[in-house]
1. Find the centroid of the Cα atoms in the stretch 158-222 and in the stretch 39-56, then give the distance between the two in whole Å.
2. Please label the shape of the chain as rounded, prolate or oblate, based on the square roots a ≥ b ≥ c of the eigenvalues of the alpha-carbon gyration tensor (a/c under 1.5 means rounded; beyond that, a/b larger than b/c means prolate, else oblate).
3. Arranged from highest to lowest average of other beta-carbon atoms within 10 Å per residue, in what order do the peptides 167-178, 119-130, 32-43 appear?
4. Can you compute the helix-only [θ] at 222 nm over the chain? Use -39500 (n - 2.57) per DSSP H run of at least 4 residues, normalise by all residues, nearest 500 deg cm²/dmol.
5. State whether the stretch 71-120 is rounded, prolate or oblate according to the following rule on the C-alpha gyration tensor (a ≥ b ≥ c being the square roots of its eigenvalues): a/c under 1.5 gives rounded; otherwise a/b larger than b/c gives prolate, and the remaining case gives oblate.
6. What percent does the relative contact order of the chain come to when contacts are Cα pairs within less than 8 Å and at least six residues apart?
7. Kindly list the residues of the stretch 156-199 that lie in the label zone of residue 127, defined by a backbone N under 15 Å from the point 7 Å along the Cα-to-C-beta vector.
8. Rank by packing, highest mean first: peptides 76-86, 289-299, 181-191, with packing defined as the count of other Cβ atoms within 10 Å averaged across residues.
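Read the figures in this text as sums done on the coordinates, not as results from a lab. Just so we're clear, the structure is a prediction, and the values are computed from it rather than from any experiment. Ideal geometry is used to build each Cβ from the backbone, glycine not excepted, and the neighbour counts take in all protein chains shown.
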Ligand SMILES: [Zn+2]
């Protein structure tokens, strides 16, 4: 038996550079003299790694070496034409890979290293080097579609990791849960007609992308019922998220009985995030991580890999990431949180499920009870 928890990280991940932001997402120019550094810059994963080191957590984590995904690993979802397009784009200096997913000259290789980091995390939990792995990788992946980059994402890391588990390790049933504040549209698309991968997305309703992650998108064909969208109202907070895990995620997971658990972990649902309005505290990230560990322990021999997605508060998101990795490693380092965070968490939605969120959770249970009978009693 190997270590309890492992970490995928490499300084090469810092080399992907989306540059500066001169346009709002609407395409209108930002009116300031100084352009703003791109939100998906190198700082989040770097600062998360610093906190793991400074808190002393890193010495309890076994290092899992990432490797470059091969083109064959990527084309389980992406088209060969798109992969070649990204390679050529980066070779000629970089540019836009699709919709809001800029690449620098290094990005093709680093995106292959990010996808390979997710694959390495899966390898490690399957071969027993670590029971649980956090992959502190970038660029993120969950918005990337088969033939285009989207929303800061170039290749879909979690899709590649899930398919790798099935193709290389013979795992049949994979659960993927995405708690990034934005919908995991690429992941939804990849597994939409597939009943071997159960996909949950918890996200802020009507955020990004607006035409994905809707409650009525529940899968198709054999995959009907295996895409579980939980679009929650803005401001939901800790209590609503934890209720969603209890009332929807856990009962369905217990019926599905995954052999591997993967998490698309975006810390942009945090209470300080500039791009999201979900108000989650570090405590919510601890408890969501524990909920996923419990599912892995109940059904998947404890095998869980957590892959970094978004998260844009330079101050607070790294503490959320630290909380996740502490939970995976079953160690509290006791590192004090930023001043002010504890007062910000004194919001009603920290303790109470708001009426909008209650109504939405009821709608979700009703919508999915036809596929998952245990929801009728939840
Ligand atoms: Zn996000």
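1. 27 Å
2. It is rounded, given that a/c, with a ≥ b ≥ c, falls under 1.5.
3. Highest mean packing first, the order is 119-130, 167-178, 32-43.
4. Calculated at 222 nm, the ellipticity per residue is -11000 deg cm²/dmol.
5. Because a/c hits 1.5 or more and a/b exceeds b/c, the stretch 71-120 counts as prolate.
6. In percent, rounded to a whole number, it is 18.
7. Answer for the stretch 156-199: 165, 168-170.
8. With the highest mean Cβ count within 10 Å placed first, the list reads 181-191, 289-299, 76-86.
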